[in-house]
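This report concerns only the one structure given below.
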Amino acid sequence: SVWSIASAMMMFVLMICPPFLTALGIVREKENGSIYNIYASTVTRGEFLIGKLTPYVAISVINILILWFMATSIFGAPFKGDPIFFFIVSLIYITCTTGIGLLVSLLVRTQVAAMMLTTIVTIVPSVLYSGLLVPIASMDAESKFEAHLFPAMYYTEIALGSFLKGVGLDQLWGNALVLTLYAGVLWTFSYFLFHKRPRS
């Protein structure tokens with residue numbers, strides 16, 4: 001059970017940190033008014049989003065390495081899968097979770113609201129509907145359906161499969177594809193929701 005929890009906790013930490021960093025970082029600029037410098041500049045929407053989110057993605061990449069090291073060294077969890085596949089999928093996952101924070105930052109105007117909304121859309125699903133505490137197979141039909149709506153479940157299966165089962169792309173490609181689609185949808189919505197002339 002220690003090995004399972006240690007590997008699955010990578011999902012939980014990477015679901016919490018990137019959205020909070022992203023959401024609070026952008027909303028803070030709304031509150032102090034510095035975001036208007038971007039509105040008045042010639043920077044495009046894409047340039048702003050890439051420039052703003054690249055540091056958070058970089059921090060999360062470092063978190064991946066630290067969490068993997070802690071799971072294998074401190075908790076002794078064996079890693080039997082393909083490290084390249086796992087790292088690439090983890091990068092897709094943090095792109096997805098960063099997109100959640102970006103979307104939240106575009107929907108609210110205060111840091112308090114950003115924290116509350118981010119908590120609801122990240123912590124609750126990652127604890128209840130990811131397989132972290134309750135196996136997906138033992139859930140009822142409604143809970144299973146809700147679990148499939150959140151990226152946490154897919155990455156949990158990838159983490160457990162990579163650490164404990166030694167499976168890779170041949171069996172986990174479906175989960176990786178869903179995470180890629182999830183990230184693409186989030187970033188597309190965020191791109192079209194961000195306007196340099198915000199509505200009053």
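Descriptive notes on the structure:
- Accessible area per residue for the stretch 25-117, computed on protein heavy atoms with a 1.4 Å probe, is 51 Å².
- The angle separating the long axis of helix 45-69 from the principal Cα axis of greatest extent in the chain is about 30 degrees.
- Summed residue charge, Cβ within 14 Å of residue 154's Cβ, Lys/Arg positive, Asp/Glu negative: -1
- Accessible area of residue 139 (1.4 Å probe, protein heavy atoms only, ligands and nucleic acids ignored): about 20 Å².
- Rolling a 1.4 Å probe over the protein heavy atoms leaves residue 129 with an accessible area of roughly 50 Å².
- Computed with every protein chain present, the accessible area of residue 134 is close to 70 Å² [probe 1.4 Å].
- Helix-only [θ]222 nm of the chain, DSSP H runs n ≥ 4, -39500 (n - 2.57) each, per residue, nearest 500: -25000 deg cm²/dmol
- Within-15-Å neighbourhood charge of residue 139 [Cβ basis; K, R +1; D, E -1]: -3
- FRET efficiency estimate (nearest 0.05) - Cβ-Cβ, residue 173 to residue 65, R0 22 angstrom: 0.40
- Accessible area ranking (1.4 Å probe, heavy atoms, ligands and nucleic acids excluded), largest first, for 192, 48: 192, 48.
The values are calculated or read from the model by the stated rules, or taken from the named source; none is laboratory data. Computed from a prediction, not measured in an experiment: that's the story for all the values here. Methodologically, a virtual Cβ is constructed for each residue, glycine included, from the backbone with ideal geometry; neighbour enumeration extends over all protein chains shown. All accessible areas refer to the heavy atoms of the entire protein, side chains included, with ligands and DNA or RNA removed. Shrake-Rupley method; radii C 1.70, N 1.55, O 1.52, S 1.80 Å.
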